[in-house]
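Read the figures in this text as sums done on the coordinates, not as results from a lab. All values derive from a computational prediction rather than experimental measurement. A quick note on method: Cβ atoms are made from the backbone with ideal geometry, for glycine too, and the neighbour counts reach across all protein chains shown.
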4 protein chains.
Amino acid sequence: MIVVLKPDATEADIAHIQQQVVHWGLQTHLSRGAQRTILGIIGPEDLLREKPLAAFPGVESVMPILKPYRLASFEFRQAGSVVTFAAPGGAVEIGGKRVTVIAGPCSVETREQILGIARSVKNSGASLLRGGAFKPRTSPYSFQGLGLEGLDLLAETRRETGLPVVTELIDTRDLAHIEKYADMIQIGARNMQNYSLLKEVGKSRKPVLLKRGMSATIKDFLMSAEYILSEGNFNVVLCERGIRTFETMTRNTLDLNAVPVLKRETHLPVIVDPSHGIGLRDFVSPMALAAVAAGADGVMIEVHNAPESALSDGEQSLRLQEFEALMSRLRGVAEAIGRSV
Amino acid sequence: MIVVLKPDATEADIAHIQQQVVHWGLQTHLSRGAQRTILGIIGPEDLLREKPLAAFPGVESVMPILKPYRLASFEFRQAGSVVTFAAPGGAVEIGGKRVTVIAGPCSVETREQILGIARSVKNSGASLLRGGAFKPRTSPYSFQGLGLEGLDLLAETRRETGLPVVTELIDTRDLAHIEKYADMIQIGARNMQNYSLLKEVGKSRKPVLLKRGMSATIKDFLMSAEYILSEGNFNVVLCERGIRTFETMTRNTLDLNAVPVLKRETHLPVIVDPSHGIGLRDFVSPMALAAVAAGADGVMIEVHNAPESALSDGEQSLRLQEFEALMSRLRGVAEAIGRSV
Amino acid sequence: MIVVLKPDATEADIAHIQQQVVHWGLQTHLSRGAQRTILGIIGPEDLLREKPLAAFPGVESVMPILKPYRLASFEFRQAGSVVTFAAPGGAVEIGGKRVTVIAGPCSVETREQILGIARSVKNSGASLLRGGAFKPRTSPYSFQGLGLEGLDLLAETRRETGLPVVTELIDTRDLAHIEKYADMIQIGARNMQNYSLLKEVGKSRKPVLLKRGMSATIKDFLMSAEYILSEGNFNVVLCERGIRTFETMTRNTLDLNAVPVLKRETHLPVIVDPSHGIGLRDFVSPMALAAVAAGADGVMIEVHNAPESALSDGEQSLRLQEFEALMSRLRGVAEAIGRSV
Amino acid sequence: MIVVLKPDATEADIAHIQQQVVHWGLQTHLSRGAQRTILGIIGPEDLLREKPLAAFPGVESVMPILKPYRLASFEFRQAGSVVTFAAPGGAVEIGGKRVTVIAGPCSVETREQILGIARSVKNSGASLLRGGAFKPRTSPYSFQGLGLEGLDLLAETRRETGLPVVTELIDTRDLAHIEKYADMIQIGARNMQNYSLLKEVGKSRKPVLLKRGMSATIKDFLMSAEYILSEGNFNVVLCERGIRTFETMTRNTLDLNAVPVLKRETHLPVIVDPSHGIGLRDFVSPMALAAVAAGADGVMIEVHNAPESALSDGEQSLRLQEFEALMSRLRGVAEAIGRSV
């Protein structure tokens, strides 16, 4: 930690800070420049981070040296992690050479809908099925998902098709249910900083798909992953899904910059959800291709058999044949950068 | 709802949309201009909002006419609401002529700390005591609050000082505890779209202090209030506490624009938290004065007896005497605009 | 234009608006719904856009139907434009099937530097050379470019290598110089709304590379292009180069969403500058690949022979061999989506 | 400057950086911690800022210690500056105890309009008249101002009323005209980083009203002021006028946080333009009151005798009597914080 002192900081101010720091069991190193005096603090930065050093008289600014995430950092593993889990149709790996494709509707609506979509996306080459049973909706008057009935339909679809299932958890009280039915638990963007929920899935051993919050910096995103890891669950996959900016022509601004930055900052696999990210069907495919070109370990695509009748997110869902066309182009781009789909 | 058709929309496209709309039980009104054909849809807009009209072939854009919030809208009440609740020292009113001041530490830390601060802010004129027992922290390694022990200390402080208490709820499973101890339940910024939590406090009858999420538009903010109201709890107070922008010199960007806009859009009282909003002690007082000048019904200020030793948010906490000085200036500004503190 | 009236708008308010609109030579169409009365206004929307309809008593909101850009709109041409210009080594086309690569240093520094870089990037396959002689720098104490001397060096390099040159114009008074030396004139992000400059290059017939402003919406961006087109110069190429968001780990947030959106909204070619967009060398190549996968008509890459000694933007410049490696991967991705480099 | 090295930086990397730094004439100070090695660089930071240290192998991050603005910094003067200029009705001072009120229409439209408004706002207590002759408009089809004719009308109004005049400069070629007619030159938000324009007004000795760009950080804003100061013109007044955020209910987000932050960072006076800042008439007055409460040295208010017929910004202009009412409330708030209007 580097503490920059104000030009008018007194000797008493400096001595006071040094005393405190020593009292906390750390060492200081003072360096007086022509324009500013600087205090380097040596010792565990986690401890220091908790101290309100900026609140001390005479302090101009405090600059941490280390990243606040440890278990999630690339340094911790020195290599990319591959999240692996058993599934009816064979083990699924996210983060390896192969680009993982997750597809399915926003919400589970009916038996026919989810089964039909699952069969189709499996044929097109998807490895996981997405489908929400508990839906976080901006309006209390919107469809909130089928709940437990939706989980049952997912279980049946999983049995019928062999596709493993990822579905969203929105309440700590539902974890036991979701754990029983899902192969992978999704934490949605609006709950990225719902720390009670993060701690609970951290105690689970199910793989977790953690979506980036709408205004989460990459640092915030990794700190939320750190919550899960620090409880012992290392099966975490990060998902970029669009941030909030001033642009209004798209639903969100898909931030593909996050892909290469995350690949450097963390060992966790990184996938991209262009459906929510840009939010308009016509633009989903180009953004999915771009995500793979940028180095994403996977994409998650909303697909619906009848977008016009969808109970949620119809505007951004690909039709079955559009998804199939996308898959073939994804294969081309993946190969061009030395991966496969 | 106004549907604007693409210039190349076919007659079949138009007929298809009209058929569907009639099938949903609504009426359409077609208007052909020189450059665009427009379809007005007449009937309950809530129903329509759920339909993915933008996903229909030939549609260029869809423009809602009505606001998506109903119970929270100013129109619903045609006057400002005053949230009132009994408290040991007499009824508290938020939203009336008097500007309400809520003060206290970020977290409850010790008996001496919370009692000392409570006595001091009460003497200076605060009407409610804030203090967190369950703390949502960005890092899993940060102090997470005293939990139930913190609630006990708040209860004792309430008995000793007569100050009513507002404290944060972060997990649906803790509601019963918080309801027992708190006069007002805070929903924090990170949980503004934790809809499970909103529904639960909606079923409670305790007053709720709902903080604006970091990237929540004013519309999103009111939709979250609508969740609580739609469950039957109308005792909701909104709190602006800073949004996320590109600026890095302050912790957040306190958005005082939200004050007059919310006063027009909703009947719910609006208060401002400049401590989190700007996040640096030296700037809290000017922003508190500005909040009152802008028309806020109250301010919420972090105050600590020893900011340097605070376990959280020491950088943005006023010292006891700074808070006292602020109160006297707040009185002046409130009087200048015809209110009192 | 759709005018939505407030629920408490009086008949007199409505009549007043109708009178004014008729007085402006337009027609109105009134539609009374259960909750809102709506006034459709029929006639040239450009005329109406200038009228402060929202300032009229009784008006709740005003919703334009048409896009404010006309000459820049896709509708205007109904097909993508190809910007073509003669150059020493043969005609250059931007916007066709081939993806155009522009490369070179941020600033022209010395004869050896610009010549060396130009020869190298030409060998690697670049079609245009970039290099700034007049540099807009955030600090007045930073290197401001070589000015006219820089233009001379560009002219020499152009003669020697046959590479056409794009360079930035920052002052209306320099246009004649730049026109003489450059094949394409760049308008930088900070000058995207410098309307005097836009009008001047609109009167020129040189191709213009217009960069998106840091906080320009896509609509703003197209309105700036409209300024140039409305003066008669249709040789405009748009360049996405990163927007300002809350993220601090990268210099800007390259907004690849803009690529497919612009390809739908306008007939003008769209290129991407990942060097400024993400601002850190290690991330430039993945973002360049993503840009092409997203459908960009070209990329503009900063390349330097010795980034450590660069007088500007060394942090984001590729080394010569890194650029060569990127070119080969760009070819692969372009082929995967049916284009070439 | 603090250089943090990557955990895997080699001794050769470190030696290479040290050599270069010494070669630039500066000194280094190496500090090896358990987790990171840090290199402190001692000597003029301006020189270092120009060097692409982050481009060196082995560097993780580079952290400047000093602010990049010098002449604009509070430290430079150690006290607030008062910008003073002679005017027909006596000297005007901005930055003193008195809060300065600038009022007038967005654009000069006719002789009657500008004269009528000027007389009225003078009677209400305004100290300066605003009015644009050259207008930067988002659309090329919008009213662009009366140009030289507008300047003539401003001159006549100045003579008739004694009110000094502030008007906008948008092109370096117009400076001589504007200098002749205006008491104060406005640089608009869109030109905040038009460095050619900044250098030109820096060579002038007229007071400059510099508006903050829509996505300018406070640091960017001060760097633009530094451009003017570094050319010798210290008569600079800063104007906060709203930044671009995700909120769409208001035209911009007026950032009052900038007021106390700027008062600490710079000696230059700071005023606020709530008319552009929030952009809707009903909200201008509360935001003006809040600006003064937050510590602004002045406010700039758009006032029009007939907003419905205004050729620009009618939606955000106060009517004459609304402005008069605001003035009386401004006096109250100013007094409450120990200032006057």
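The magnitude of the dipole of segment B:2-63, with charges of +1 and -1 set on the Cβ of Lys/Arg and Asp/Glu and taken from the Cα centre, is near 100 debye.
The distance separating the Cα centre of segment D:224-270 from that of segment A:139-201 comes to 47 Å.
For D:Val236, the residues whose amide H sits under 5 Å from its own are D:Val208, ignoring neighbours fewer than 5 places away on the same chain, with H placed 1.01 Å from N. A crude spin-label estimate for the pair B:Leu148 and A:Gln19, with each label 7 Å from Cα along the Cβ direction, gives 4.0 nm. How far is helix B:11-23 tilted off the main Cα axis of chain B, in degrees rounded to 10, range 0 to 90? Approximately 60 degrees, to the nearest ten. Over all pairs of different C-alpha atoms in segment B:36-78, the reciprocal of the mean inverse distance, the Kirkwood hydrodynamic radius, equals 12.3 Å.
For C:Arg264, the distances from its label point to the matching points in the remaining copies are 3.1, 3.2, 4.5 nm, ordered from shortest, with each point set 7 Å beyond Cα toward Cβ.
Applying D = kT/(6 pi eta Rh) to segment B:1-93, where Rh is the Kirkwood radius over alpha-carbon pairs, T corresponds to 20 °C and eta to 1.002 mPa s, the Stokes-Einstein value obtained is 136 µm²/s.
Karplus-based coupling profile of segment A:165-172, in residue order and whole Hz: 10, 10, 9, 8, 10, 10, 8, 3, with θ = phi - 60° in 6.51 cos²θ - 1.76 cosθ + 1.60 and x standing for Gly or Pro.
Toward the positive end of the charge dipole of chain D, with +1 on the Cβ of Lys and Arg and -1 on the Cβ of Asp and Glu, the farthest Cα among D:Gly43, D:Thr248, D:Ala9 is that of D:Gly43. The peptide list D:199-208, B:57-66, put in order of mean Cβ contacts within 10 Å with the highest first, becomes D:199-208, B:57-66.
Between the Cα long axis of helix A:320-336 and the first principal axis of chain A there is an angle of about 50°, rounded to the nearest 10. For C:Met300, the residues 5 or more places off, or on other chains, whose built amide H falls under 5 Å of its own are C:Ile102, C:Val272, C:Asp273. Closest approach of a chain D beta carbon to the axis mapping chain D onto chain C (residue, whole Å): D:Ser215, 2. For peptide A:133-139, the mean count of partner chain Cβ atoms within 10 Å of a residue's Cβ comes to 5. Label-point spacing at B:Thr10 relative to the other copies reads 5.2, 6.6, 8.4 nm, in ascending order, each point sitting 7 Å out from Cα along Cα→Cβ. When you restrict to C-alpha pairs under 8 Å that are six or more residues apart and normalise by the size of segment C:176-281, the relative contact order lands at 23 percent. Take each residue in C:287-299, count the other chain C-beta atoms within 10 Å of its C-beta, and the mean is 6. Antiparallel as a % of all DSSP beta bridges within segment D:74-336, to the nearest 5? Beta bridges within segment D:74-336, antiparallel portion: roughly 15 percent. A Cβ-based charge dipole, computed about the Cα centre of the protein assembly as shown with Lys and Arg at +1 and Asp and Glu at -1, lands at about 0 debye. Determine, at each q value in 0.07 (inverse angstroms), the log₁₀ of I(q)/I(0) that the Debye formula gives when each Cα of chain A is one equal point scatterer. For chain A at q = 0.07 Å⁻¹, log10 I(q)/I(0) is -0.35.
Taking a straight line from the alpha carbon of C:Lys203, these lysines sit under 16 Å away, with near neighbours fewer than eight places off in the same chain left out: C:Lys180.
For segment C:143-233, the relative contact order is 24 percent, taking Cα pairs closer than 8 Å that sit 6 or more residues apart in sequence and dividing their mean separation by the residue count. Highest mobility in the GNM of chain C, judged by mean-square fluctuation with C-alpha springs under 10 Å and restricted to C:Glu240, C:Glu168, C:Glu308, is found for C:Glu308.
Across segment C:149-156, rounded Karplus estimates of 3J(HN,Hα) from the backbone phi angles (6.51 cos²θ - 1.76 cosθ + 1.60, θ = phi - 60°) give 4, x, 4, 4, 5, 5, 4, 5 Hz, Gly and Pro being marked x.
Taken one residue at a time, the phi angles of segment A:26-38 give Karplus couplings (6.51, -1.76, 1.60, θ = phi - 60°) of 10, 10, 10, 9, 8, 9, 9, x, 5, 10, 9, 9, 10 Hz. Gly and Pro are set to x.
Placing a label point 7 Å from the Cα of A:Gln321 along the Cα-to-Cβ line, the residues of segment A:117-131 whose backbone N sits under 16 Å from it are A:120-121, A:124. Annotation for D:Ser31, label-to-label distances across the other copies: 0.6, 6.8, 6.8 nm (shortest first, one decimal, point 7 Å from Cα along Cα→Cβ). Rg/Rh for the protein assembly as shown (Cα atoms only, Rh after Kirkwood) is 0.94.
For the peptides A:77-89, A:32-44, the ranking by mean Cβ contacts within 10 Å, running from highest to lowest, is A:32-44, A:77-89. Just checking the listed ones, A:Gly145, A:Gly90, A:Gly131: in the Gaussian network model of chain A with Cα springs under 10 Å, the one fluctuating most is A:Gly90. Counting Cβ atoms of other protein chains within 10 Å of each residue's Cβ and taking the mean over peptide D:52-63 gives 5.
Residues whose amide H lies under 5 Å from that of A:Thr266, counting only those 5 or more places away or on a different chain, are A:Phe74; hydrogens are built 1.01 Å from N in the peptide plane. Counting only DSSP beta bridges whose two residues both lie in segment C:1-122, roughly 100 percent are antiparallel. What's the angle, to the nearest 10 degrees (0 to 90), between helix A:111-124's Cα axis and the longest principal axis of chain A? Once rounded, one gets 80 degrees. Taking every DSSP bridge with both residues inside the protein assembly as shown, close to 40 percent are antiparallel. Summary value for segment C:74-336: 20 percent relative contact order, contacts being C-alpha pairs under 8 angstrom separated by 6+ residues.
Using alpha carbon coordinates only, what is the Rg to Rh ratio of segment D:142-219, with Rh defined as the Kirkwood radius? Computed over Cα atoms, the ratio is 0.99. With the helix formula -39500 (n - 2.57) applied to DSSP H stretches of n ≥ 4, chain A reaches a computed 222 nm mean residue ellipticity of -10500 deg cm²/dmol.
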